[in-house]
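Questions regarding the structure given below will be posed in turn.
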Amino acid sequence: MSDATRPVDETTAAPSADPTLAADIDACCRLSGEFTLRSGQVSHEYFDKYLFESDPALLARVADQMVALVPEGTELLGGLELGGVPIATALSARTLHPTLFVRKKAKEYGTCKLAEGPDVAGRRITLVEDVITTGGAVRDAVRELRAAGAVVEVVICAIDRSPEGENPLADVELEVRPVLTKAQLDEARAAAS
Ligand SMILES: O=P(O)(O)OC[C@H]1O[C@H](OP(=O)(O)OP(=O)(O)O)[C@H](O)[C@@H]1O
Ligand SMILES: O=C(O)c1cc(=O)[nH]c(=O)[nH]1
């Protein structure tokens, strides 16, 4: 088949949209109860990312949707401990960018690294996170990686549950590119009920 006659979906690298992903993720990992979040906030809802990350088909669908969100010029992906690591690994298998595994705290023996993998100095890193609420975990990582000489401008996340219409990471000049927002998950939930 010539390029001129090939259907558009076959010529683009990005996979087509996944219209049932929000409903499937919501059904799989939204929990109700009382949860203390990383930030100290108390919430009556929690997205247990490990429930989708442990499902190979769902993890693959999330990673597929992330491919088109990776900015041009990315040299390394950076998955944040712990939940960001499997997602970054799945994404890396698709885009073939090498991946860093970014610890919350540098290891205290051996290589003593915060970011496991290739050297970060002077490299353009796109972060990969599971859930963003206040952006605190991402902010900590950005500061550490920039202090080590990395260029970090974008974070891709599976679920952005930060307040709608605001960029929780504007203060550190980081763009947030979510696969799913809380509003999309709420909409999918409402449609399913
Ligand atoms: O945007 P924030 O307010 O920082 O909240 C979101 C962060 O909180 C969770 O981290 P946790 O330490 O529970 O993660 P883990 O299970 O991935 O280690 C989540 O995985 C994000 O990293
Ligand atoms: O803010 C958090 O700590 C948080 C919220 C959420 O929905 N899921 C999660 O894993 N962490």
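For the chain, which whole-number percentage of the solvent-accessible area (1.4 Å probe, protein heavy atoms only) is attributable to carbon and sulfur atoms?
52 percent
Let me ask something else about it. Looking at the chain, I'd like the Rg to Rh ratio, where Rg is from alpha-carbon atoms and Rh is Kirkwood's inverse mean 1/r.
Rounded to two decimals, Rg over Rh is 0.99.
Top to bottom by accessible area (1.4 Å), largest first, where do E108, E175 land? All intermediate terms of the calculation are to be shown ahead of the outcome.
Numbers: E108 135, E175 85 Å².
Descending order: E108, E175.
Among the aspartates and glutamates, which have Cα under 19 Å from the Cα of K49 when same-chain residues fewer than 8 positions away are ignored?
Counting by Cα, and skipping residues close in sequence, K49 has these aspartates and glutamates nearby: D18, D24, D26, E34, D64, E81, E129, D130, D160, D186, E187.
Separate question: Accessible area per residue, 1.4 Å probe, Å², for the chain: what's the number?
For the chain, the per-residue accessible area is 52 Å².
The values are calculated or read from the model by the stated rules, or taken from the named source; none is laboratory data. Remember, predicted model here, so these are calculated numbers, not experimental data. With ligands, DNA and RNA removed, areas are computed over all heavy atoms of the protein, side chains included. Shrake-Rupley method; radii C 1.70, N 1.55, O 1.52, S 1.80 Å.
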